[in-house]
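Trainee: Let me begin by handing over the structure; questions about it come next.
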Amino acid sequence: MYRYCVLIVEGKYFNSPESPRLDYGQSLPGAPADVEMQQLLASIKTTSIVGILNALGQHHWELVNTLMVPTEVRGSSLDRGTYIDLETRYVFRRCMP
């Protein structure tokens, strides 16, 4: 059996992400508190993406997939271009005993 979590990173700079988030199901109604994940979440707020990936690996999380998800599409009247804001989602899993 596996447990999953998703690291969500906004922003365009790889080494200094804007507000990385970790979703491990903590917002579901009736979800139990997970002290290990709360501590991990607190520690990733001040590091780079590589630091976050290393921290998750040290806690035995395995990277399964990486997705680029559009969050906003906007046009520019100056150059008639279209711009897409993306967030990166890193999907992890860990084998549960």
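The values are calculated or read from the model by the stated rules, or taken from the named source; none is laboratory data. Computed from a predicted structure; not experimentally measured. As a convention, Cβ positions derive from the backbone with ideal geometry for all residues, glycine included, and neighbour counts pool all protein chains shown.
Residues are listed down the side, and each one gets a yes or a no for (1) modelled with pLDDT under 95; (2) over 16 Å from the mean Cα position of the chain (by Cα):
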residue	(1), (2)
Val64	no, no
Pro70	yes, no
Arg74	yes, yes
Leu78	yes, yes
Thr82	yes, yes
Phe92	no, no
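Trainee: Within the range 36-59, identify whether any single residue is within 13 Å of Val6 (Cβ to Cβ), surrounded by 10 or more Cβ atoms within 10 Å (Cβ to Cβ) and of a type outside the set (A, V, I, L, M), and answer yes or no.
Mentor: no
Trainee: Something else about it: Among what's in the range 60-97 and is under 30 Å from Glu36 (Cα atoms) and of a type in the set (Ser, Thr, Tyr), pick the residue that is surrounded by the most Cβ atoms within 10 Å (Cβ to Cβ).
Mentor: Taking the candidates together, the pick is Tyr90.
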